[in-house]
Amino acid sequence: MGDWWQRNIVEPGKLPLLLALAAFVLTFVITRVVTRLIRAGKGPFGNVKAGGVHIHHVVPGIVLTVVGGFGAVAGGRHGFGSALAAVVFGIGAGLVLDEFALILHLDDVYWTEAGRKSVEVVVLTAALVGLVLAGFTPFGVDGMSQGELQDRANVIGTVAGNFVFSLLALAKGKARLAVFGVIVPVVALIGAVRLARPGSPWARRFYARRPRARARARLRAYRHDRRWSGPRRNGAESVGHRSGTPLTRQPLRADTPRHDPFSPYAAAARRRRPAPARRTRLRPADARAARSAVRGSPAASPCRPGCGPSSVALAAGRRHAV
């Protein structure tokens, strides 16, 4: 164990990165626990205010991130100074990304549906840093030997190819695959060869005159969201919180025409369409009784004079559907 730690962590200079990742994850978990206790009114914790202004924890997070970042740049990859700067940077990054949704929306959406974006960004960041810590290098240059590294043409070609795959996946509306493709090139290749998501730049540019491809893309996106939205929401709620806000039905997208027969939204609209009203017709005897009632004949009418045909038919009780 000691040899592995020395060979894979200390000698390559990955100890600051490991400390930063551990501080980042631990800060995020502790912050979520403290905010839950504050909202529930339990424990000795409370909101921080200065002059009547609520101070979000993203403010000290930005300060710690700046201090730790400059300290890490100045301290190098070895020594106590670099390790301390990495821990400070990890704590600051955890506080900042815990309120990523607030920075994105410029509104206090921490306990709302939009606040789950912070949890997704934290999980994505921790996964990427973990991949780099495990030995993956951006754009796949880590798998080359010393001789291949000296060949600049091969290195440039590999980096350019993986970068193109990541750009294609991003243009097709698959941001997560594009980000992971920077570290693991095969993931970006999967996102690059599959159909684009509706509303992405690729779909607007290349699917505008291809109704079948556009319909397939919408159907695939509909099935994917229906399959994975529930587990993703449950995972975010288990790590973060439950907003308590009922989920609303997503509106029809602007690029989804209602007359598209292949659209899943159009199919759902057809299923929700009310059934046509059933036509009714009186039996001949009821029709004669209704005509007599209209003429004012008390003998032929089963109700008082002056009632309409509908009242006669209802009183007779012999209406039937066609």
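Check each of the chymotrypsin sites (Phe, Trp or Tyr not before Pro) in segment 156-195 and keep only those in coil by DSSP with at most 10 other C-beta atoms within 10 angstrom; list them in order.
Those that pass, being in a loop and sparsely packed, number zero.
Just check segment 12-98 against the gyration tensor rule for me: Cα atoms, a ≥ b ≥ c as the square roots of the eigenvalues, rounded for a/c under 1.5, and otherwise prolate or oblate depending on whether a/b exceeds b/c. Don't skip to the answer; put the middle values down first.
Numbers: a/c = 3.64, a/b = 1.98, b/c = 1.84.
It is prolate, given that a/c is not under 1.5 and a/b is the larger ratio.
What trypsin sites (Lys or Arg not before Pro) does segment 39-72 have in DSSP loop regions with at most 15 other beta carbons within 10 Å?
Working: sites: Arg39, Lys42, Lys49; in loops: Lys42.
Sparse-neighbourhood loop trypsin sites (Lys or Arg not before Pro): Lys42.
Go through segment 152-214 and name the trypsin sites (Lys or Arg not before Pro) that are in a DSSP coil and have 10 or fewer other Cβ atoms within 10 Å of their Cβ.
Arg209
Taken together, the values in this text are just the output of simple stated rules run on the coordinates, not laboratory data. Predicted model only: the values in this text are computed from it and were never measured. Glycine gets a Cβ as well: all are built from the backbone with ideal geometry, and neighbour counts include every protein chain shown.
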